[in-house]
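See structure below.
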Amino acid sequence: MSAPPRHAPHPYFIDTRADCLLIGTQTITEIAHEVGRTPFYVYSRAALGARVSELRQALPSSVHLHYAITANPMPELVRHMSGLVDGLDVASAGELRVALATDVPREHVSFAGPGKRDEELQAALAAGIAVNLESEQEMERLARMSAASGRRARVAVRVNPDFQLKSSGMKMGGGAQQFGVDAERVPQMLARLADLPLDFVGFHIYSGSQNLRADAIIEAQHKSIELGIALARHAPAPVRTLNIGGGFGIPYFPGETPLELAPIGARLREHLEPLSRALPQARVVIELGRYLVGEAGLYVCRVIERKISRGRVFLITDGGLHHHLAASGNFGQVLRKNYPVVVANKVRGAEREIASVVGPLCTPLDLLADQMDLAKAQAGDLIAVFQSGAYGLSASPTAFLGHPPPGERLI
Ligand SMILES: Cc1ncc(COP(=O)(O)O)c(C=O)c1O
């Protein structure tokens, strides 16, 4: 018996048939035939639905769940998600177009992100969605457009809080930030907003991403609610939306464990009571990207060649960094670690070995698995990278080296 694979746990694709990974009732080999080529991304509707159900069970029922489509903007997937969640959050006019092609009511679509171009603000104004204002200058620009069009834009103020989401993979609040308006400046901004042709709807307090610690998320949620209540005293209209951020992470690397939802739900329930007394019209929004979709997707590529160099095994595949930058370790990792990876048509395998999975690019950065315990693979075998449903294709440099783009399937 070989050692068990040492990689992060992945909840959804654990079944096999004839040692071949199953997605629903289909093996990866069958899916590869259907797609007609490798590499490809595949996302599972069943896994997406299961994830939303787990969240709904854990969180208070009054909490609105939004999908931040930045994590995976594939239009078919966004359409599917739009039937499961309460709203969509976008970060560009391109993402806005994808959101507007779904049935999500426009009052449940919001647009965040620094440096929104005039065309983007115009698109948001015309669509009637909420703009999360990232600065006072942005507020003034949007107000001028509102005045010129005779239509009042719906706006929330994105607040840069004076606290951080501790232990986050990415911190986006606290200290000096390009995101949002520093909390201490928000009262004077709200006083100005009251004189402008804008409809104030609430606050957006987004402090970080990729967090696996329930206690850190609980603390940030609590502080966000307190901050929302405090700032509401300066608001020109009742707070109707209090977006308390998201940041729920998924395990990617060896030693990481899944986020515990139950304590987050329990504490949020307690914190919602004082909130509903202070801000009776406010609906609380949680904005999640990778937690909703990250574990519901795989990246699949094919071994072109098995090469031995000075005793080390390299599986050279038709996929790599250009399709899946994050799995190669070049999307924000300081020390490169392996995503969960298997030989998808030989999950257990008769023989195992330590091998590295690389791509066809002429750079040593093109590495999908570094010296992992894998089934012994040959040319033609399929490699699957788990945790690939978020920040995969759309976060990768597909033009780099001129290889064809991957396929993408929602099944
Ligand atoms: C404002 C905002 N919301 C949501 C997200 C999605 O984060 P995640 O996919 O980690 O949930 C991001 C990511 O950077 C963001 O900036």
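Along segment 218-226, what does the Karplus equation 6.51 cos²θ - 1.76 cosθ + 1.60 (θ = phi - 60°) give for ³J(HN,Hα), rounded to whole Hz, x for Gly and Pro?
4, 4, 5, 5, 4, 5, 5, 5, 4
With springs connecting C-alpha atoms under 10 Å apart, model the chain as a Gaussian network and identify which of Ser207, Ser309, Ser146 has the largest mean-square fluctuation.
Largest GNM mean-square fluctuation: Ser309.
Using Cα pairs under 8 angstrom and six or more residues apart, how large is the relative contact order of the chain, in percent? The partial results should precede the final answer.
Values: 952 pairs, mean separation 85.3, N = 411.
21 percent.
Hey, what do the phi angles of segment 348-361 turn into as Karplus ³J(HN,Hα) couplings, whole Hz, using 6.51/-1.76/1.60 and θ = phi - 60°, x for Gly and Pro?
7, x, 5, 10, 10, 7, 8, 9, 10, 9, 10, x, x, 7
In degrees from 0 to 90, rounded to the nearest 10, what is the angle of the helix 136-149 Cα long axis to the longest principal axis of the chain?
With both axes taken from Cα atoms, the answer is about 70 degrees.
Please order Glu408, Glu184 by the number of other Cβ within 10 Å, starting at the fewest.
On the way: Glu408 19, Glu184 10.
By the 10 Å Cβ count, ascending: Glu184, Glu408.
Rounded to the nearest 0.05, what FRET efficiency do Asp118 and Asp86 give with R0 = 35 Å and r taken as the Cβ-Cβ distance? Could you check?
Details: r = 30 Å, r/R0 = 0.85.
In this case the efficiency is close to 0.75.
Label-point separation (nm) for Thr257 and Glu54, each offset 7 Å from Cα along Cα-to-Cβ?
1.5
Counting other beta carbons within 10 Å of each Cβ, put Glu256, Glu119, Glu305 in order, fewest first. Intermediate results must be reported in sequence, preceding the final value.
On the way: Glu256 15, Glu119 9, Glu305 12.
The fewest-first ordering by Cβ neighbours comes to Glu119, Glu305, Glu256.
With everything on Cα atoms, drop me the angle between helix 118-127 and the longest principal axis of the chain, reported from 0 to 90° to the nearest 10.
80
What ranking do Lys166, Lys307, Lys223 get, fewest neighbouring Cβ atoms within 10 angstrom at the top? All intermediate terms of the calculation are to be shown ahead of the outcome.
Working: Lys166 16, Lys307 12, Lys223 21.
With the fewest neighbours first, Lys166, Lys307, Lys223 line up as Lys307, Lys166, Lys223.
What is the set of long-range amide H partners of Asp199 at a cut-off below 5 Å, with H atoms built 1.01 Å from backbone N?
For Asp199, whose amide H was placed from the backbone, the distant partners under 5 Å are Ala153, Arg154, Val155.
Please check which bits of segment 279-301 a label hung off Lys166 would reach, taking the label as a point 7 Å along Cα-to-C-beta and the cut-off as backbone N under 17 Å.
Answer for segment 279-301: none.
Could you please tell me the mean projected area of the C-alpha convex hull for segment 190-236, averaged over all directions and given in square nanometres to one decimal? Mind showing how you got there, number by number?
Numbers: hull surface 15.4 nm².
Mean projected area for segment 190-236: 3.9 nm², to one decimal.
What distance in nm separates the simple spin-label points at Ala101 and Gln333, each placed 7 Å from Cα in the Cβ direction?
Result for the modelled spin labels: 3.2 nm.
All of the numbers you see were taken from the coordinates with simple rules; none came from a lab. Treat the numbers as computed from the prediction; the structure is a model and nothing was measured. Neighbour counts are summed over all protein chains in view; Cβ atoms, including those assigned to glycine, are modelled from backbone coordinates with ideal geometry.
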